Amino acid sequence: MYTNKKIRFVGFFRFFLFIILATGLGCGITKSMVGAITSEEPVIKKKIIVFPPINHCGLTQEKAAKISIDLAETLKEEPQLLLCNSTGDFPSPSEGDMNQYGVVYNRPEITEKAKAMNINGLILPYIPPIEESGGRSGIWPFRYDSKIYKMSLVTNVIDPVNGCLYLTELGSCEVKFPSDEIKDLSEHDIHEKVMEEAMPGLIKRQAKAIIDRLVKEPWTGKIAEVDNGIIKINAGSDAGIFPDQIFSVYSPGESIESKSGRTFTLLGEKLGTIKAVTVNAEDTIAETVEGGPFYAGQTIVFNP
């Protein structure tokens, strides 16, 4: 009797173990095999440029510039973005380009230069003043006086093609110090300690927000030249273009002037489609699929 029960138990255990392996390990193997043989949909990289921040928090120019460098390095890890390092060719954004909330507006001198360089996204950071407050920290009976510093980073992403703002993202982080620990430090030294603790996490969160926003936007470019029916577009293999990709072509649309006097241009009507034929490093020769006529300066949108 005991032997029969033991045999039934062993049989049941083996069956139960088989079910676990089939549903767990088996599915895991299937999933990994599918992932191994399924290639990702090819995408065209969006060329971006990260500017030095508008600095209102009292950091040295070198420390403030490092924030933009670290942000750029983090964004460079995203395969759908292509980092451009030519900020020296641009006029620097100033306080006149920004409202009281840290929103940086389109500046024609910057966006026109960006369009000429085939940039898809302008990243303009702003570092507000560090906010300071006092309080009590710790658990009774070990409570102590502390200083709380709130550091923030605002990132703005502008589409240079139409001058519109893709994104304004505010990120903040609070750092606490025991009052006795920093009582002999200068304000400058305290702010640097706050930046060292707060900024790495802020940069990661801001980079994620920028990436999430940009990868959702369709890739846009321009027809650079049309000569005897041969169409040249302003991106090549550096941006991930390959033969047979299809692009829709649009005429310039309505221009809208904001209260600040800045002008934004919308997409016009769809004129037709073109196909990439010969892909060079920085430009591509395309041919007409349908529609037209096509001229230099018209906007193209990638059809995945």
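The values are calculated or read from the model by the stated rules, or taken from the named source; none is laboratory data. The structure displayed is predicted, hence computed values, not measured ones. Counting neighbours? That spans all protein chains shown, and the Cβs are built from the backbone with ideal geometry, glycine included.
Please identify the pairs in which a residue from the stretch 280-304 that is under 22 Å from Val43 (Cβ atoms) has its Cβ atom under 9 Å from the Cβ atom of a residue that is acidic (Asp, Glu) and surrounded by 14 or more Cβ atoms within 10 Å (Cβ to Cβ), counting only partners at least 6 apart or on another chain.
Ala281/Asp238; Glu282/Asp238; Asp283/Glu225
Within the stretch 103-214, which strands (runs of 3 or more DSSP E) (wholly inside it) include 1 or more residues that are crowded, with 21+ Cβ neighbours inside 10 Å?
Of the strands (runs of 3 or more DSSP E) lying wholly inside the stretch 103-214, those with at least 1 residues that are crowded, with 21+ Cβ neighbours inside 10 Å span 121-127, 144-158.
Can you name the residue in the stretch 220-251 that is of a type in the set (Gly, Ala, Ser) and outside any strand (DSSP E or B) and is also modelled with the lowest pLDDT among such residues?
Gly229
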